[in-house]
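Undergrad: Sharing a structure, written as structure tokens. Questions coming.
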């Protein structure tokens, strides 16, 4: 049995930081209080999305918010999931990542992506892929060595020197989120930490298949030299799911339904504006999403039992919960997080072996 088969399940938080119906400054402060609690409760990491010109995100500059997270927490790891690499000057981004790693004492988790299809880089996925590949070479080379000498089709740097270096060497752990089955061999082959969104998948069976495929590809490439994330001995692979816990099933459903309806609007309205109202139309139905377990809502016992079966089915060693979404109040979110940490995690974190097909 390999080491990653023995690794215990870890729990993190994912956040779009979507519009709550309250003021942006108020929402930022509510999230920071949530992260202070998550820090005390022992959650592993906080992962923040990056989106632009949409109600889905009030943080188009993740590093600005994450610098506040670095100062308000002590142990919680954090990072963007993910930086949309083609939108950045890669030298500027690598220097900001180094700053965050230094400000936090080495707690950055570095998520990278090409951006959402049809939303970024002129709607051209091939251009996004090319810019991502070049930007990644520039970033990782610069973080590792402090020197950038690169000539490409999209980026050109002649003997650029940066004085900034991260605490974590050669660079922070790398993450790559995807809903594309075809990306899994590359992600696993590089040993990248991976998160698959239940919300974006057609069903949880697809997510479980992607997790299993990841483990197979990781094992097949374990001894290959030059893997991007080779410095991380125990990569995490898991799924992201909305979670809301209250004292009873009825109370949890009462609180989560209106909050999810606002989140669903925030998530899908960018497609409505582009004349694609049918895109993710089925994801706007609260009951439908509960039925396919993209939202876990209920008492601690209900959430615990469902999540235990999802872990058994998938073999994941990482669960990323979106605990704050839509119009949930700060009090509701903090209570949900507290109940999850005290009554759900203890029963699941001891799982040391995960079934694999």
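The values are calculated or read from the model by the stated rules, or taken from the named source; none is laboratory data. For clarity, every value in this text was computed on a predicted model and none was experimentally measured. All Cβ positions, even for glycine, are placed from backbone atoms using ideal geometry, and neighbour counts span all protein chains on display.
Undergrad: Could you pull out the residue among 126, 95, 134 that is at pLDDT below 95 and either assigned by TED's automatic domain parsing to the domain that holds residue 19 or farther than 27 Å from residue 27 by Cβ (or both)?
TA: 126
Undergrad: Can you name every one of the helices (runs of 4 or more DSSP H) wholly within segment 1-76 that holds 3 or more residues which are free of Cβ contacts under 8 Å to residues at least 40 places away in the same chain and not assigned by TED's automatic domain parsing to the domain that holds residue 108?
TA: So the answer is 24-41, 62-72.
Undergrad: Could you pull out the residue among 204, 196, 263 that is modelled with pLDDT of 95 or more and within 24 Å of residue 136 (Cβ to Cβ)?
TA: On the way: 204 fails: within 24 Å of residue 136 (Cβ to Cβ); 263 fails: within 24 Å of residue 136 (Cβ to Cβ).
Going through 204, 196, 263 in turn, just one is modelled with pLDDT of 95 or more and within 24 Å of residue 136 (Cβ to Cβ): 196.
Undergrad: Next question. With buried (at least 17 other Cβ atoms within 10 Å of the Cβ), more than 21 Å from residue 324 (Cα to Cα) and touching a helix residue (DSSP H, G or I) at 6+ places or on another chain (Cβ under 7 Å) as the only criterion, which of 80, 20, 104 stands out?
TA: On the way: 80 fails: more than 21 Å from residue 324 (Cα to Cα); 20 fails: more than 21 Å from residue 324 (Cα to Cα).
When all the criteria are applied, what remains is 104.
Residue by residue, here is whether (1) over 16 Å from the mean Cα position of the chain (by Cα); (2) closer than 19 Å to residue 175 by Cα; (3) surrounded by 15 or more Cβ atoms within 10 Å (Cβ to Cβ) holds:
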site	(1), (2), (3)
7	yes, yes, yes
16	no, yes, yes
26	yes, no, no
34	yes, no, yes
38	no, no, yes
56	no, no, yes
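Undergrad: Only residues in segment 110-123 that are over 18 Å from residue 96 (Cβ atoms) count as the first member; pair them with residues that are assigned to a loop (DSSP other than H, G, I, E, B) and at pLDDT below 70, Cβ under 8 angstrom, at least 6 apart or cross-chain, and list the lot.
TA: 114/120; 123/117
Undergrad: When you check residue 198 against the structure, is it crowded, with 21+ Cβ neighbours inside 10 Å and in the same structural domain as residue 9 (by TED's automatic domain parsing), yes or no?
TA: Yes.
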